[in-house]
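Please read the structure below before turning to the comments.
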Amino acid sequence: MTPSTTIALLLSAALAGQYGGGGGQRPLSAEEVAKLESKHLANIRQVTFGFFRAGEGYFGPDGKRIVFQAVPNLPESVFLEPKANQYEYQIFTAELEPGAKPKLVSTGEGACTCAFFSPDGASLIFGSTHLNPAPPSPPRSAAYGRSGSRYRWSFPDGMDIFRTDLDGKNLTRLTEAEGYDAEGSFSPDGKQIVFTSFRDGDGEVYVMDADGKNPRRITHAKGYDGGPFFSPDGKRIVYRSDRKENDLLQLYVNNVEGTDERALTDNDSVNWGPFWHPDSRHIIYSTSRHGHANYEVYLMNVDTGAEERLTYHDGFDGLPVFSPDGSKLMWTSNGRGTDRNSQLFLADFTLDPAPQPKAAANP
C-alpha cells in the first residue's frame, strides 16, 4: 500500500467518524495523526520555548521573523508575590532561527493581544491596556468559553490599539474610544487597519487609516464581529461573528466597503481565527466541531466552500496563519508540547491537492 493510499484511507475513516475527535471515539495514535497531517503539513516543530504560555503569532513580511503574545515564566523563588499583570500576555518579536532570543516590545504593563506587522516590516500594531492596567471591577467575565474547553478570552475595557517600532520605541496610540479596541491588522498596502471595536456598544468591524484617523464601520448586524483580516489582494475581509448570540462563532467574508457580506459557516461550532492564504481564495481557521476541548485546523476555499481538515492532534490547535509566500503554517497548540501549555508550532505547508467541493449526490 502506497503512503498516499494509506493517508486517503485514514482520511476517509476519520471523516466517517471512526477516528478521534470526541464523541466517545477512540483517540488517534501518534502514527495515525502523523499520516493524516502529512497530506499538507511536514516538519512540524515547536517554535517558542521558555514561556509560561505563548500563541497568536504572525509572520513579518519577509517571513524571517514573527511577532506573538506570551506570558513569561515566573522566576525561581520562594514566597514570590507576582506583579498584578504577571499572567497577562505581552508582545514579543523573534527571528525565525535556532537560538534566537525573543524581544519584548510591549511595555510589560497591562494586558496585550493581537500584534501584527506593517507591510513594510518597519513597525507593528497591537492591543494593550497598559494605560488602564487595573482590571474592571467587578471583573468582566470571559466573552467566550465553552464547557470543557481551556480556551477563553475577554474584551477588557481600556484596551486600545498602539503602533510601535520593532524595538518598542516611538509607541503611538491609534484609538481612544471608550471600551475595547483590538484585533487589528493592516491592509496589504499599509494604508489602512481593520479592527474590532465596542465603541458603538456592540462588537463590530471597523476600518481606519493607518494613523488611526477616519474610522468607518463595516459590519452592522447585532452580535459580536471580530478577528478581521484583509485578503492579500486587498479586495475582501474575513472575520468571525456571533450573530445568533449563542457563544458559537461563524465565519463571514465581505468586501472592504461592507456591502457584500456572505456566511462561510453555519453550524453548531465555534469557528474562528480565519486567516487568508496568499492566493486570496483559501482561508485557514480553527473549529470546535470535534469537541470544545479539541479545536482543529481546517482549510477552506471561500468561493466554492470546499474544505479539508489539516490537524488531528488531541487538544487545542488554533490561531493558524500562513507565511507571506504560503510555504509555512504557524499555529498555537496546547497538546503537542510536553507541558500541555500553549506554544507556537510551525510546519512546512503544501496547498496541493487543494480542497475540492463534495460530489453531488446521485438523484
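Key figures
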{"item": "Residues satisfying the stated conditions in region 71-87, i.e. among the aliphatic types (A, V, I, L, M), closer than 25 Å to GLY57 by Cα and assigned to a loop (DSSP other than H, G, I, E, B)", "result": "LEU74, ALA84"}
{"item": "Subset tally (residues that are under 29 Å from ASN255 (Cα atoms) and in contact with a His (Cβ under 9 Å, 6 or more places away or on another chain)) for region 308-336", "result": "6"}
{"item": "So TYR298, is it in a strand (DSSP E or B), under 16 Å from GLU56 (Cβ atoms) and either hydroxyl-bearing (Ser, Thr, Tyr) or assigned by TED's automatic domain parsing to the domain that holds GLY227 (or both)", "result": "no"}
{"item": "Some residue of region 339-360 being out of contact with any strand residue (DSSP E or B) (no Cβ under 6 Å at 6 or more places or on another chain), more than 16 Å from ILE66 (Cβ to Cβ) and buried (at least 21 other Cβ atoms within 10 Å of the Cβ)", "result": "no"}
{"item": "Residue within region 60-69 that is closer than 18 Å to THR350 by Cα and either touching a helix residue (DSSP H, G or I) at 6+ places or on another chain (Cβ under 8 Å) or modelled with pLDDT of 95 or more (or both) present", "result": "yes"}
{"item": "Residue satisfying all of: in region 315-338; of a type in the set (D, E, K, R) and surrounded by fewer than 23 Cβ atoms within 10 Å (Cβ to Cβ); farthest from SER29 (Cα to Cα) among these", "result": "ASP325"}
{"item": "Residue ID - farthest from LEU264 (Cα to Cα), chosen from residues in region 306-341 that are part of a loop (DSSP other than H, G, I, E, B), modelled with pLDDT of 95 or more and of a type in the set (Gly, Ala, Ser)", "result": "SER327"}
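The values are calculated or read from the model by the stated rules, or taken from the named source; none is laboratory data. All values reported here derive from a predicted model rather than from experimental measurement. Heads up, the Cβs are rebuilt from the backbone with ideal geometry, glycines too, and the neighbour counts pull from every protein chain shown.
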